[in-house]
Amino acid sequence: MSVRRSTVIFAWILLLPALLYVSVIVAYPLVDTFILSFTDASLKKTTKWVGTVNYDKIFNGTFAEVIARTFVWTFFSVSIKMIIGTFGAVMLNAAVPGRALFRVLTMPPWIVPMAIGIFMWGWMYNGQFGMISGMLQNLRLVDGPVAFLAHGSTAFWATIITDVWIGVPLVTLYLLASIQAIPQDLYEAAWTDGAGRFYRFRRITLPLLVPAMITMSMLSLIATFNSFDIIWILTQGGPNGDTTTMIIDTYRTAIGSKKYGEGAARAVVICIFLSIFCLLYFRVTHRLASGESR
């Protein structure tokens, strides 16, 4: 047996545990869900093969509106997180007194258990005893209590704000680490040539930070698109479905209505979108890595 062949066999032996894990934990549920999406599976004892009926219901019903709402929710949430996170990273990198303390203060939204943080925001959004409504009334900006989660437009933005609050610390710390990895010699040379702070940011920090920003935005996109906890705890997709995203609609269909076949079809559609995002992420990171290696 040649050395090359023995090396390949040894490599496959090392990969075998990971392949078994992926096959049992990932591949089997995906295949089973895909097959289930072509049936009318529910609490009924008998399950019939219905072909593409479940997918016809998706694209001929209101699910298209849910898809559009999911993309809008994801776009605004990710965009705001990236803007605030970039600004916060630049500020935390500045040489100011108490910088270490400010860095620690960015962590609580990320450290606090998600459910507790979401319940806290739900309390603040309450119209009767919530802090935000009370402050607006004290400032004479509104005439009476404002129940943010009871109205579609305000509930939609309330869930986005909560998601931003939870996600900004991770974005900030990731970009801060990327900024600190930029060679200081570049800043010193620019400072020697008389470049101001804004010029150094525009010509040095921002161009070298773009790869990290793209990577972080793609990871945040995948996580936000598949987010369930925030919307479910705050509004459960209401009022009147104005905060219902794809993952919420899938849960309601499969678990709430016990329509497992229709729920599986929705899950397959979500999986397709997430697969596209993941492929896009790997393609972008590969291009960035290829560009850095040149």
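The values are calculated or read from the model by the stated rules, or taken from the named source; none is laboratory data. In this text the structure is predicted, and so the values were computed from the model without any measurement. Virtual Cβ from ideal backbone geometry, glycine too; neighbours counted across all protein chains shown. These area figures cover heavy atoms from the full protein model, side chains too; ligands, DNA and RNA do not enter into them. Shrake-Rupley method; radii C 1.70, N 1.55, O 1.52, S 1.80 Å.
For the subset of segment 35-57 comprising residues that are hydrophobic (A, V, I, L, M, F, W, C) and without any contact (Cβ under 8 Å) to a residue 24 or more places away in the chain, which member is nearest to L170 (Cα to Cα)?
I35
Taking into account only those residues within segment 1-57 that are β-branched (V, I, T) and in a loop (DSSP other than H, G, I, E, B), which is least open to solvent (accessible area, probe 1.4 Å)?
Of everything passing the filter in segment 1-57, V50 is least open to solvent (accessible area, probe 1.4 Å).
Taking segment 201-240 as the search range and keeping residues that are without any contact (Cβ under 8 Å) to a residue 40 or more places away in the chain and surrounded by 17 or more Cβ atoms within 10 Å (Cβ to Cβ), which one is farthest from A41 (Cα to Cα)? Break it down stepwise before answering.
First, pick out the residues of segment 201-240 that are without any contact (Cβ under 8 Å) to a residue 40 or more places away in the chain: 202-204, 206-208, 210, 212, 228, 232, 236-237.
With surrounded by 17 or more Cβ atoms within 10 Å (Cβ to Cβ) added as a condition, the list becomes 204, 212, 232, 237.
On the way: I204: 57, A212: 44, W232: 25, G237: 24 Å.
Restricting to residues being without any contact (Cβ under 8 Å) to a residue 40 or more places away in the chain and surrounded by 17 or more Cβ atoms within 10 Å (Cβ to Cβ), the top hit is I204.
Return the only residue of A155, A181, A189, A177 being more than 16 Å from N93 (Cβ to Cβ), hydrophobic (A, V, I, L, M, F, W, C) and surrounded by fewer than 20 Cβ atoms within 10 Å (Cβ to Cβ). Steps first, please.
Numbers: A155 fails: surrounded by fewer than 20 Cβ atoms within 10 Å (Cβ to Cβ); A181 fails: more than 16 Å from N93 (Cβ to Cβ); A177 fails: more than 16 Å from N93 (Cβ to Cβ).
The match here is A189.
Just the residues that are touching a helix residue (DSSP H, G or I) at 6+ places or on another chain (Cβ under 7 Å), assigned to a helix (DSSP H, G or I) and farther than 20 Å from S227 by Cβ, please, taken from segment 100-114. Spell out how you get there, then give the answer.
So the first thing to find is which residues in segment 100-114 are touching a helix residue (DSSP H, G or I) at 6+ places or on another chain (Cβ under 7 Å), and the list is 102-103, 106-107, 109-110, 114.
Subsequent filtering for residues that are assigned to a helix (DSSP H, G or I) retains 102-103, 109-110, 114.
Once the filter is applied, which keeps residues that are touching a helix residue (DSSP H, G or I) at 6+ places or on another chain (Cβ under 7 Å), assigned to a helix (DSSP H, G or I) and farther than 20 Å from S227 by Cβ, segment 100-114 yields F102, R103.
Is it true that I118 is in contact with a Ser or Thr (Cβ under 9 Å, 6 or more places away or on another chain) and among the β-branched types (V, I, T)?
Numbers: in contact with a Ser or Thr (Cβ under 9 Å, 6 or more places away or on another chain): yes; among the β-branched types (V, I, T): yes.
Yes; evaluated as a whole, the condition is true for this residue.
From the set of residues in segment 58-116 that are free of Cβ contacts under 8 Å to residues at least 12 places away in the same chain and small (G, A, S), which is most open to solvent (accessible area, probe 1.4 Å)?
Within segment 58-116, the match that is most open to solvent (accessible area, probe 1.4 Å) is A95.
Taking the options G127, G117, G122, name whichever one is outside any helix (DSSP H, G or I) and either within 30 Å of P145 (Cα to Cα) or charged (D, E, K, R) (or both).
None of the other options fit; the residue is G127.
Which one of these does T39 not meet: (1) at pLDDT 85 or above; (2) among the hydroxyl-bearing types (S, T, Y); (3) farther than 30 Å from G256 by Cβ?
Answer for T39: the failing condition is (3).
So if I check each of I132, I166, which one is in contact (Cβ under 8 Å) with a residue 24 or more places away in the chain, assigned to a helix (DSSP H, G or I), open to solvent by less than 60 Å² (accessible area, probe 1.4 Å) and out of contact with any Ser or Thr (no Cβ under 6 Å at 6 or more places or on another chain)?
Sole residue among the options that is in contact (Cβ under 8 Å) with a residue 24 or more places away in the chain, assigned to a helix (DSSP H, G or I), open to solvent by less than 60 Å² (accessible area, probe 1.4 Å) and out of contact with any Ser or Thr (no Cβ under 6 Å at 6 or more places or on another chain): I166.
Among the residues of segment 247-270, write down those that are open to solvent by 50 Å² or more (accessible area, probe 1.4 Å), assigned to a helix (DSSP H, G or I) and farther than 30 Å from S153 by Cβ.
Y260
Just one of (1) surrounded by fewer than 17 Cβ atoms within 10 Å (Cβ to Cβ); (2) among the polar types (S, T, N, Q); (3) outside any helix (DSSP H, G or I) trips up T244, so point out which.
Checking T244 against (1) surrounded by fewer than 17 Cβ atoms within 10 Å (Cβ to Cβ); (2) among the polar types (S, T, N, Q); (3) outside any helix (DSSP H, G or I), the one that fails is (1).
Identify, from the list G85, G61, G98, the residue that is more than 30 Å from L209 (Cα to Cα) and not hydrophobic (A, V, I, L, M, F, W, C).
The unique qualifying residue is G61.
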